[in-house]
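One structure is given below, encoded as structure tokens.
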Amino acid sequence: MQCRFCQSSKTKKYGHTPKGMQRHRCNDCGKAFVEVMDPRRMTPAEHAHAQRLFEEGLSGRAVARALSRGVSTIWVFLKKSENAPDNGSLKSLPACG
């Protein structure tokens, strides 16, 4: 486990949150933290899979269904993707917040 504040590897378990998640405390900086990834974020593997599916010709909605994600999440990712196709297919996507 690595401290997300000072990147020290000197951490120890420090109880649980009220929701039951494991807390950790850094021995160097003394800060407590929970090492958890936001479930709404896409992992790098999901990013690569979404890009691959889109390049194979699947629509944004089909990619969202395949990854069990919201359509807006997929569209925002595809718009921000540096490997997005330049054929104008993303220009027709609806605006996302």
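Coordinate-derived values only; no laboratory data. Since the model is a prediction, treat every value here as computed from it, not as a measurement. Reconstructed Cβ throughout: ideal geometry from the backbone, glycine too, with neighbour counts over all protein chains shown.
Assuming 0.36 nm per residue, please report the length gained on full extension of the stretch GLU55 to LYS79 beyond their Cα-Cα distance.
Taking GLU55 through LYS79 to full extension adds about 7.3 nm, to one decimal.
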Towards the positive end of the charge dipole of the range 1-72, with charges on Cβ (+1 Lys, Arg; -1 Asp, Glu), say which of PHE5, MET42, GLY70 has the farthest Cα. PHE5
